[in-house]
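Structure first, commentary second.
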Amino acid sequence: DPAARLTGANGDRPFFAYSTNYLVDLDHAIIVDVEATAPIRQAEVGAVRDMLVRTQDRFDLHPWLLAADTAYGAAEMLGWLVKEQGIEPHIPVFDKSERKDGAFPATEFTYDPDIDAYKCPGGKELKPYWRNISKGRPAFGKDGFKKYYARKQDCAACP
């Protein structure tokens, strides 16, 4: 099966598997499209996009609402649904704002645009770079995100 992929998702020995992804019309309780993918989140999210576009092209069906599990709750997918497709997502989103390991939650950091730095609840700064170099540095990483770093000594001294 070309969609099968080696996986060890159940914590046991690796095996070949695939995921079946269904697009269901909940009002009429019928499957309107199905696609097999490798059992990884990115492939499943891509299948949903493909099925929504394909269903519109084939049957002129375009949902106003989409219900799905948290695997589809990434910002990129939600943005595509709302901004490009005009679909109202009913998808739970992972909430990683609160921490259970004693670290400060992300919601407690404040951003200062004048100095392009975040301040932690302990009063220390997080900046993209701590040293200037002659050839300069890119503002954003290869992944398109800007990362902010604390000094090791600041975090080590924090209770």
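No lab work stands behind these numbers, since they all come straight from the coordinates. Since this is a predicted model, take the numbers as computed values, not measurements. Backbone-built Cβ (ideal geometry, glycine too); neighbour counts: all protein chains shown.
Remark: C-alpha extents of the stretch 46-97 on the principal axes read 40, 18, 16 Å, sorted largest to smallest.
Computed from the Cβ-Cβ distance with R0 of 35 Å, the FRET efficiency linking residue 65 to residue 40 stands at 0.85.
Would you compute, from DSSP H runs of 4+ residues alone, the mean residue ellipticity of the chain at 222 nm, taking -39500 (n - 2.57) per run and dividing by the full residue count, rounded to the nearest 500? Calculated from helices alone, the mean residue ellipticity at 222 nm is -5500 deg cm²/dmol. Only Cα pairs under 8 Å and at least 6 apart count here; give the relative contact order of the chain as a rounded whole percent. With pairs under 8 Å counted, the relative contact order is 10 percent.
Size of the stretch 1-92 from its Cα atoms: along the principal axes, largest to smallest, the extents are 42, 27, 21 Å.
A crude spin-label estimate for the pair residue 134 and residue 16, with each label 7 Å from Cα along the Cβ direction, gives 5.7 nm. In the stretch 1-146, taking the dipole from charged Cβ atoms about the Cα centre, the farthest positive-side position among 110, 134, 43 is held by 134. In this simple spin-label model, placing a label point 7 Å from the Cα along the Cα-to-Cβ direction at both residue 147 and residue 107 gives a separation of 2.6 nm.
Give the average over all directions of the projected area of the C-alpha convex hull of the stretch 1-155, one decimal, in nm². Could the numbers behind the result be given before it?
Details: hull surface 60.5 nm².
One quarter of the hull surface, i.e. the mean projection, equals 15.1 nm².
Peptides 19-27, 35-43, 107-115 ranked from most to least packed, by the mean per-residue count of other Cβ atoms within 10 Å: 35-43, 19-27, 107-115.
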